[in-house]
Amino acid sequence: MRFKYNLLHFDKLQRQSVDGKRFYQLPSGKLVKSVTTIIGEKTDKTFLVEWEKRVGKDNADKIRLEATRKGTAIHGLLEQYCRGEDPVVMPLHQLQFNKIKNVLNQNVGTIYGIESFLYSEKYNTAGQTDLICEFAGSMCIVDFKNTKKKKHEQYIQNYFVQATVYSLMFEHLHSIKCPKICVILAQDDHFTEPQVFFKDRDQYVDKVNQIFDTI
């Protein structure tokens, strides 16, 4: 067995789409926006508008669709791998998958949750996180992303905020401290190693409180 498992119970939440935005229905029946929807609403999209103008709307839509398809495929493979399965990997994704797999093999200890639903009445939100596990010896939320080229930290702060919200919701639901977050970026350049951002969660809590309406 490649990993140890102590899988916790997570309520399965129902997703809904309202005006193109993702919502989740909580066990209480309350409908809340997803984590990614809220972060997206609070993010300055000026650079995306300028990028779309440069490349053209049709080309931008094509690039977004390709990225979504690739991200979905890689996520699915990694989910299977984390569950102890041996996924069938298409040649197109083989090198990217192998490189992230190596990162997981070197760092992941016990796994507590895979594609787990998390929610918070306090933050009025919910979402689904890729992996909850011991990473490099610490309890950690791990999120997988894909990118066409190397990213600088200043441009992916929302990724860290997203993982931080998940860690806070996990702590509330299971009373287990989760002080670390990790974002792993697989690049389209198959010969480039993934970027691994392993962070202290607490440095992003203030940003979470600014973005999410607490009650």
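From the backbone phi of the range 21-28, what are the Karplus-calculated ³J(HN,Hα) couplings (6.51 cos²θ - 1.76 cosθ + 1.60, θ = phi - 60°) in whole Hz, Gly and Pro given as x?
Taking θ as phi minus 60°, the curve returns 10, 8, 10, 10, 9, 6, x, 6 Hz for the range 21-28.
Would you tally the net charge around R2, using a Cβ to Cβ cut-off of less than 13 Å, leaving R2 out, and scoring K and R as +1, D and E as -1?
Net charge in that neighbourhood comes out at +1.
Relative contact order for the range 68-190: what percent, with Cα pairs under 8 Å and sequence separation of 6 or more?
23 percent
Calculate the spin-label point distance for K148 paired with D213, positioning each point 7 Å from the Cα along the beta-carbon direction, and give it in nanometres.
Each label point lies 7 Å from its Cα, and together they span 3.5 nm.
Taking a cut-off of 16 Å, what percent of all Cα-Cα pairs in the range 145-215 are separated by more than that?
52 percent
Using all Cα-Cα distances in the range 83-213, what percent lands in each 10 angstrom bin from 0 up to the longest?
Reading the bins upward from 0: 12, 42, 34, 11, 1.
Of the trypsin sites (Lys or Arg not before Pro) in the range 140-215, which ones lie in a loop per DSSP and count no more than 12 other C-beta atoms within 10 Å?
Those satisfying the criteria are K148, K149, K150, K177.
Just to confirm my numbers, what's the Cα centroid distance between the range 132-162 and the range 85-114 in Å?
For the range 132-162 versus the range 85-114, the Cα centre distance is 15 Å.
Report, to the nearest whole %, how much of the accessible area of the range 113-215 belongs to carbon and sulfur atoms, 1.4 Å probe, protein only.
For the range 113-215, the apolar C and S fraction of the accessible surface comes to 46 percent.
Which whole-number value in Å² is the accessible area per residue of the chain, probe 1.4 Å?
55 Å²
Would you pull out the residues with amide H under 5 Å of C133's amide H, same chain only if 5 or more places away, H placed 1.01 Å from N?
When sequence neighbours closer than 5 places are left aside, the close amide H contacts are Y112, C140, V142.
In whole Hz and in residue order, list the ³J(HN,Hα) couplings for the range 155-168 that follow from phi through the Karplus curve 6.51 cos²θ - 1.76 cosθ + 1.60, θ = phi - 60°; x for Gly and Pro.
For the range 155-168, the Karplus curve yields 9, 10, 4, 4, 4, 6, 5, 4, 5, 5, 4, 4, 5, 5 Hz.
Apply the Karplus curve 6.51 cos²θ - 1.76 cosθ + 1.60, θ = phi - 60°, to the phi angles in the range 109-124 and return the couplings in whole Hz, x for Gly and Pro.
Running phi through 6.51 cos²θ - 1.76 cosθ + 1.60 with θ = phi - 60° gives x, 6, 9, 10, x, 10, 6, 8, 7, 10, 8, 8, 6, 4, 8, 6 Hz.
Excluding same-chain residues fewer than 8 positions from K30, which lysines have a Cα within less than 27 Å of its Cα?
Hits, sequence-local ones excluded: K12, K21, K42, K122, K177, K207.
Over the chain, what relative contact order in percent results from Cα pairs under 8 Å that are six or more residues apart?
20 percent
Between R22 and residues 5 or more places away or on another chain, which pairs have amide H atoms under 5 Å apart, with H built 1.01 Å from N, and which residues are they?
For R22, whose amide H was placed from the backbone, the distant partners under 5 Å are S34.
Ignoring everything but the protein chains, give the 1.4 Å probe accessible area of D213 in square angstrom, nearest 10.
The accessible area comes out at roughly 110 Å².
Which loop chymotrypsin sites (Phe, Trp or Tyr not before Pro) in the range 150-215, with loop taken from DSSP, have no more than 12 other Cβ atoms within 10 angstrom of their Cβ?
For chymotrypsin sites (Phe, Trp or Tyr not before Pro) across the range 150-215 that sit outside H, G, I, E and B with at most 12 neighbouring Cβ atoms in 10 Å, the list reads F191.
The values are calculated or read from the model by the stated rules, or taken from the named source; none is laboratory data. Given the structure is predicted, the values throughout are model-derived calculations rather than measurements. Positions of Cβ are backbone-derived with ideal geometry, glycine not excepted, and every protein chain shown enters the neighbour counts. Just the protein is used for accessible areas: all its heavy atoms, side chains included, with ligands, DNA and RNA removed. Shrake-Rupley method; radii C 1.70, N 1.55, O 1.52, S 1.80 Å.
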